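Trainee: Could you have a look at this structure, given as structure tokens, before my questions?
The values are calculated or read from the model by the stated rules, or taken from the named source; none is laboratory data. Quick caveat: nothing in here was measured; it's all calculated off a predicted structure. No Cβ is skipped: glycine too gets one built from the backbone with ideal geometry, and neighbour counts run over all protein chains shown.
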């Protein structure tokens, strides 16, 4: 996770929306920045794993499974909160 993300919040959010839309098989316009990811878009552990892999690939970072699980348990994770964590590399 040593890479510094060279994108602003809006660019990160756009990329995350595209990842979520692809996994949930919905139009990007239907993905809300404020809805909780788990349950709404990521319905099982497989879709959550696909999301994590998509984030890693899109931003050329490596996320530890334990860190991701803790982040999802610590607070509701939305596209916006994930974007903030990615931007400051605090996953």
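Trainee: Could you give every pair whose Cβ atoms fall below 6 Å, whose first residue belongs to region 19-33 and is free of Cβ contacts under 8 Å to residues at least 40 places away in the same chain, and whose second residue is surrounded by 15 or more Cβ atoms within 10 Å (Cβ to Cβ) and outside any helix (DSSP H, G or I), counting only separations of at least 6 or pairs across chains?
Mentor: 21/31; 24/41
Trainee: Still on this structure: Among the residues of region 35-45, which ones are part of a helix (DSSP H, G or I) and touching a helix residue (DSSP H, G or I) at 6+ places or on another chain (Cβ under 9 Å)?
Mentor: Filtering region 35-45 for residues part of a helix (DSSP H, G or I) gives 37-40, 45.
If the condition is that a residue be part of a helix (DSSP H, G or I) and touching a helix residue (DSSP H, G or I) at 6+ places or on another chain (Cβ under 9 Å), then 37, 38, 40 are the ones that fit.
Yes/no matrix, rows are residues, columns are (1) modelled with pLDDT of 90 or more; (2) assigned to a helix (DSSP H, G or I); (3) over 18 Å from residue 59 (Cβ atoms):
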position: 3; (1), (2), (3): no, no, no
position: 6; (1), (2), (3): no, no, no
position: 10; (1), (2), (3): yes, yes, no
position: 19; (1), (2), (3): yes, yes, no
position: 23; (1), (2), (3): yes, yes, no
position: 26; (1), (2), (3): yes, no, yes
position: 33; (1), (2), (3): yes, no, no
position: 47; (1), (2), (3): yes, yes, yes
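Trainee: A follow-up question, please. Counting only residues that are assigned to a loop (DSSP other than H, G, I, E, B) and at pLDDT 85 or above, which one in region 69-91 is surrounded by the most Cβ atoms within 10 Å (Cβ to Cβ)? Step through it out loud before you land on a result.
Mentor: In the first step, residues of region 69-91 are kept if they are assigned to a loop (DSSP other than H, G, I, E, B); the result is 75-77, 88-91.
Now narrow it down to the ones that are at pLDDT 85 or above: 76-77.
Details: 76: 12, 77: 19.
The qualifying residue surrounded by the most Cβ atoms within 10 Å (Cβ to Cβ) is 77.
Trainee: Look at residue 59 and say whether it is crowded, with 18+ Cβ neighbours inside 10 Å and in contact with a strand residue (DSSP E or B) (Cβ under 6 Å, 6 or more places away or on another chain).
Mentor: Values: crowded, with 18+ Cβ neighbours inside 10 Å: yes; in contact with a strand residue (DSSP E or B) (Cβ under 6 Å, 6 or more places away or on another chain): no.
No; evaluated as a whole, the condition is false for this residue.
Trainee: Could I ask something else about it? Of all residues in region 51-68, count the ones that are assigned to a helix (DSSP H, G or I), in contact with a helix residue (DSSP H, G or I) (Cβ under 9 Å, 6 or more places away or on another chain) and more than 14 Å from residue 15 (Cα to Cα).
Mentor: The number of residues fulfilling the criteria is 2.
Trainee: Find the residue count for region 67-91, including only residues that are in contact with a strand residue (DSSP E or B) (Cβ under 7 Å, 6 or more places away or on another chain) and under 14 Å from residue 31 (Cα atoms).
Mentor: Of all residues in region 67-91, those in contact with a strand residue (DSSP E or B) (Cβ under 7 Å, 6 or more places away or on another chain) come to 76-78.
If we keep only those that are under 14 Å from residue 31 (Cα atoms) as well, we get 77-78.
Within region 67-91, residues that are in contact with a strand residue (DSSP E or B) (Cβ under 7 Å, 6 or more places away or on another chain) and under 14 Å from residue 31 (Cα atoms) number 2.
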